[in-house]
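Report on one structure; see the data block that follows.
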Amino acid sequence: MDLGIAGRRAIVPASSGGLGYATAAALVDAGVRVAICSRSEERIHDAAGRLGELAVPLVADVSTEAGAVGFVREATEILGGVDILVTNGAGPPAGTFATTDLAAYRSAFELNCLTAIAMCSEVVPAMQAQGWGRVLAITSYGVRQPIATLILSNTARSGLTAFLKTLAREVAADGVTVNSLQPGLHDTDRIRALHGGDLTGAAASVPAGVIGRAEDFGQVAAFLCSEHARYVTGVGLPVDGGAVAGLL
């Protein structure tokens with residue numbers, strides 16, 4: 001399917017691997033020029049080499065507001081503007097209420113909520129002015145069904161979800177859509193680390209019976225950034241193999 005976004009410009013942070021890389025790859029396949037970043041110069045240039053000439057590799061740490069804003073500004077200058085913003089970043093450490101210090105919540109909110117808000121603040125006004133834009137956040141299915149031992153991620157990403165829903169309603173009339181994807185278990189380095197490298201037991205917990213493929217997730221992300229998804233906004237879509245049990 002032609003997604004109708006060839007020639008558009010996108011920013012995808014934390015994209016040397018995992019779901020960020022898969023999303024960048026799907027956008028490149030659709031003809032989008034994509035600025036990608038990692039804290040590692042070696043990793044991001046390796047990723048850009050695999051993605052091809054439409055990828056613009058930058059070294060940036062988007063775990064802080066300052067780092068996220070710096071990346072977006074540099075990428076915007078190089079690309080000459082931004083049509084698509086995908087917010088993405090690593091998750092905070094695992095923990096429970098009993099094991100998590102109050103200060104850790106502040107760090108988690110910056111990592112998984114405030115950085116995304118800061119990136120939106122940088123690019124959404126220009127999207128409104130040009131009458132077209134796509135904002136897509138990669139969050140977690142934990143915003144619908146809290147994941148045990150991930151209290152920091154559950155809390156911070158839920159705050160971001162509320163922000164995105166509010167923003168979506170405010171900018172819808174300007175041709176800008178704002179959505180989020182809520183991944184369940186996909187075969188990424190983070191999921192392997194959380195499960196000690198063995199995904200057999202994790203797969204058994206998913207109704208689909210398998211762990212998701214990152215490249216499939218990327219295709220869903222690219223569709224929500226497409227011209228065809230112009231009437232889809234304010235949506236938080238689980239991509240989880242049926243893991244979320246709730247009706248809504």
Report summary line: Cβ density ranking, 10 Å radius, fewest first, applied to SER205, SER63, SER140 yields SER205, SER63, SER140
Requested in this report: Could you pull out every residue, at least 5 positions away or on a different chain, whose amide H is within less than 5 Å of the one on VAL239? Hs are placed 1.01 Å off N in the peptide plane, and Pro or chain starts have none.
Outcome: GLN182, GLY184
Query raised in the report: Which whole-Hz ³J(HN,Hα) couplings does the range 134-143 yield from phi under the Karplus relation 6.51 cos²θ - 1.76 cosθ + 1.60, θ = phi - 60°, glycine and proline marked x?
Result: 9, 10, 9, 9, 9, 10, 6, 5, x, 6
Report summary line: Taking ARG9, ARG157 and counting other beta carbon atoms within 10 angstrom, the fewest-first order is ARG9, ARG157
**Report entry** Karplus (6.51, -1.76, 1.60) ³J(HN,Hα), θ = phi - 60°, over the range 47-58, in Hz, Gly and Pro reported as x
**Finding:** 4, 5, x, 6, 7, x, 5, 7, 8, 10, x, 10
Report summary line: Exposure proxy check on THR100, THR87: fewest-to-most Cβ neighbours within 10 Å is THR100, THR87
**Report entry** Surrounding net charge for TYR21, when Lys and Arg each add one and Asp and Glu each subtract one, Cβ distance under 11 Å
**Finding:** -1
**Report entry** Cut-off under 5 Å, modelled amide H: who pairs with LEU150 long-range
**Finding:** GLY95
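Counting other Cβ atoms within 10 Å, keep those with at most 10, restrict to DSSP loop, and tell me which GluC sites (Glu not before Pro) in the range 1-63 are left. Numbers along the way, then the final one.
On the way: sites: GLU41, GLU42, GLU53; in loops: GLU53.
Here the GluC sites (Glu not before Pro) that fit, given the DSSP loop and packing criteria, are GLU53.
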Report task. Provide the descending list of Cα extents for the range 38-102 along its principal axes, expressed in whole angstroms. Result -> 48, 24, 18
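Go ahead and estimate [θ] at 222 nm for the chain from helices alone: -39,500 (n - 2.57) per DSSP H run with n ≥ 4, summed, over the residue count, rounded to 500. Spell out each step's value before the answer.
On the way: 9 runs with 105 residues, N = 248.
For the chain, the value works out to -13000 deg cm²/dmol.
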Report summary line: The answer for THR87, listing residues at least 5 apart or on another chain whose modeled amide H is closer than 5 Å to its amide H, is LEU136, ALA137, ILE138
Requested in this report: Determine the distance separating the Cα centre of the range 65-113 from the Cα centre of the range 178-245; give it in Å without decimals.
Outcome: 19 Å
Query raised in the report: With no solvent and one point per C-alpha, what does the Debye sum give as log10 I(q)/I(0) for the range 53-180 at q = 0.09, 0.16, 0.19, 0.21 Å⁻¹?
Result: -0.27, -0.80, -1.04, -1.19
Query raised in the report: Within the range 158-239, which chymotrypsin sites (Phe, Trp or Tyr not before Pro) sit in a loop by DSSP and count at most 13 neighbouring Cβ atoms inside 10 Å?
Result: TYR231
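For the chain, compute Rh as the Kirkwood radius over C-alpha pairs and then the Stokes-Einstein diffusion coefficient at 20 °C and 1.002 mPa s; write the answer in µm²/s, rounded to an integer.
Working: Rh = 18.0 Å.
Rounded, D is 119 µm²/s.
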Query raised in the report: Using the Karplus equation 6.51 cos²θ - 1.76 cosθ + 1.60 (θ = phi - 60°), what ³J(HN,Hα) coupling, rounded to whole Hz, does each residue of the range 13-20 give in order, writing x for Gly and Pro?
Result: x, 6, 10, 7, x, x, 5, x
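Values quoted throughout were computed directly from the atomic coordinates according to the rules given, and no laboratory measurement underlies them. Note that the coordinates shown come from a computational prediction; the quantities given were computed from them, not determined experimentally. Every residue, glycine among them, receives a Cβ derived from its backbone with ideal geometry; neighbour counts consider all protein chains shown.
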